[in-house]
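Worksheet: the structure to be examined is printed underneath.
The values are calculated or read from the model by the stated rules, or taken from the named source; none is laboratory data. Computed from a predicted model, the values in this text were never measured in an experiment. Cβ placement follows ideal geometry from the backbone for every residue including glycine, while neighbour counts extend to all protein chains displayed. Heavy atoms of the whole protein, side chains included, go into the accessibility calculation; ligands, DNA and RNA do not. Shrake-Rupley method; radii C 1.70, N 1.55, O 1.52, S 1.80 Å.
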Amino acid sequence: MHTIEKIGGTSMSDYSSVRDNIILNNEAGPYGRVFVVSAYGGVTDLLLESKKTGEPGIFALFAGGMSGDTWLQRFEQLSQQLQDINQQLFGDTELLHEANGFLQTRLDDAKHCLLDLQSLCQHGHFSLDSHLHTVREMLASLGEAHSAWNTARLLQRDGVNACFIDLTGWRANTHISLDERINLAFEDIDFSQQLPIVTGYAHSEEGLMSSFDRGYSEMIFSRLAVLTHAYEAVIHKEFHLSSADPRLVGEANAVPIGRTNYDVADQLANLGMEAIHPKAAKGLRQNNIPLRVKNTFEPEHTGTLITSEYISDSPCVEIIAGCRGVYALEVFDQDMAGSLQRYDIAILEIIQRFKAQVVSKDLNANTITHYLSTNLKTVKRIITAIQNTFKEADINQRKVAIVSVIGSDMQIPGILAKSVQAVANANINVLSIHQAMRQVDMQFVVNQCDYDAAVKSLHASLVEIHNHGLAICIAS
C-alpha cells in the first residue's frame, strides 16, 4: 500500500514547505510513498524555452544558431544560476561541495556533448536535425536530476532515509524501454523503509519528449503508479483546483473542487490548464487509480479527488476556465461546399505538421475555423502551407480567447440560454459558441479583452449562486 506523488516546479523551489507540508506531514510517517520531482521553477524554461512566452533557452539557441556561441554563453549563465540555487539550499557546508560536484559533472558532460555535436554537424555528411530530439531530452534531464539529487540529500540530512532514483540513463550504454527502466530501478526498493526521490525525466529507447514534450514528468508519474500498483496518485501544486482563477473572481468566490472525474481533467488539459497530461491520465484511469491534486501550501486541505466513475450528485457547473492568446484560423473557400472532408483532412495534416495544438474547431458549408494554441510564427507558416494547397481560399487569422464552462454532468435544461444571458449582461460580444452532446463542457470564443469579464460573469451566474459550504468535501 503506497502512493506515487509528484511535486511541481514552483513547490520544489520551496524546500522547507516540501519537507514540512508534504513529506513529514503524514500520520503514517514519511514512508510508503514515492516522490517524482520536477525541476526547480523556471529551470526547464532556461534549458529548453519559456513555456509561456516562447523565449529561447539553451536548446532553442543551439538548434537555431549552429555557427554561433550564444547557447554556450547561456549555458554558463545557467550553471551559475543552478549553483546559486544550491547555495540557498545548502549554505556554506560540506554538502554544498557535494551538490555542486554532482551538478557540475552533469553540466560538463552535456556541454562537451553539444560542443562535439556542433563540430560534427559542420561537416556536410551530418545533419543537426536528426539529433535534436536527443539533445532536447538530454538537456531536459539536467533539471530533474539536479532537483531530485538535492532533495534526496537534504532529506537525508534532515533524518529521512531518502534515496535518489535516477531514471535519466546518464552514461548508460544500453537503450531500454521506459517500463524496463522503472522496474529495474525499483526492484530492490523497500517502500516501508525507504523514501524514493525520483527524477521527473526518464530516458527510454522510444523517447518521451517526441510524444509528451513538456508533459514527460507526468508520464513518468503515471507509469510508476501503474507499474508499482499504487493505491493513489497525488500531485502537489502551488494552488488548488478551483472553480475559477481566484485572482479573477476573488478568493472568497473561488471554491476548491472536492471531487471530479477524468473527463473534466481532460477538458482542462485541452485548455492548457493541466491537472495532468491526458495521456498520463489514461493509464491511471484504465487501472482505476484515483488522482488527488493538493495545494502544497495548504497541507491540511484534502484537495481534489479525481476518479473515473465520479458524477456530481446533481447536474451542475464545476469550473469556469479558459485560455487567452488563442489564434482563430479561418479558411473560406467557395469550392469547399460538397468537398468539406477533403479540406478538413488536408488542413488538419498541415496543422499537425507544424505541431500546433487544436483547442477547438467549427465549420459550415464553406468555412473551417481552427482555434490554435501556438505562436504567431507558427500560425503564419500554417497559413502559407494552406494557401499553397488551396490557391483560391481566403484565409484570416485573429487572436481571441476561449472561456469554457465545465462539469462532470451539465445536463441542465436552459444552461446554454443562461450562460449566453450572463455574458450578454456583461456587454460581451460572443464570436462563437460550442456545446457538445456529451454535456461536460461549453465553450465561448470572445475577444481577448473580454476574457476576464467573461470568466467573472459566467462564474457569478453559474457557480456563485450555489451554496458551496461543503465544497471542500469529503474527498477522502
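See the values below:
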item	result
Test set (1) more than 15 Å from VAL43 (Cα to Cα); (2) open to solvent by less than 40 Å² (accessible area, probe 1.4 Å); (3) acidic (Asp, Glu) - GLU144 fails condition number	(1)
LEU139 vs. criteria under 26 Å from the mean Cα position of the chain (by Cα), surrounded by fewer than 21 Cβ atoms within 10 Å (Cβ to Cβ), part of a helix (DSSP H, G or I) and touching a residue at least 24 places away in the same chain (Cβ under 8 Å)	no
Qualifying positions in region 311-342 - of a type in the set (Val, Ile, Thr) and open to solvent by less than 20 Å² (accessible area, probe 1.4 Å)	VAL317, ILE319, ILE320, VAL326, VAL331
Wholly within region 178-246, helices (runs of 4 or more DSSP H) carrying at least 3 residues that are of a type outside the set (Ser, Thr, Tyr), out of contact with any His (no Cβ under 8 Å at 6 or more places or on another chain) and more than 18 Å from ASP266 (Cα to Cα)	178-186, 216-227
Any hit, region 154-172, residues being part of a helix (DSSP H, G or I), more than 26 Å from PRO56 (Cβ to Cβ) and of a type in the set (Gly, Ala, Ser)	no
Qualifying residue in region 31-43 (condition: within 14 Å of the chain's Cα centre (by Cα) and surrounded by fewer than 24 Cβ atoms within 10 Å (Cβ to Cβ))	yes
Positions within region 418-454 being within 25 Å of the chain's Cα centre (by Cα), aliphatic (A, V, I, L, M) and farther than 15 Å from ARG324 by Cα, in sequence order	ALA436, VAL440, MET442
Residue, farthest from ASN429 (Cα to Cα), within region 378-406, restricted to residues that are among the basic types (Lys, Arg) and not in a helix (DSSP H, G or I)	LYS391
Residues being in a helix (DSSP H, G or I), open to solvent by 90 Å² or more (accessible area, probe 1.4 Å), over 24 Å from PHE164 (Cβ atoms) and without any contact (Cβ under 8 Å) to a residue 12 or more places away in the chain - total across region 91-135	2
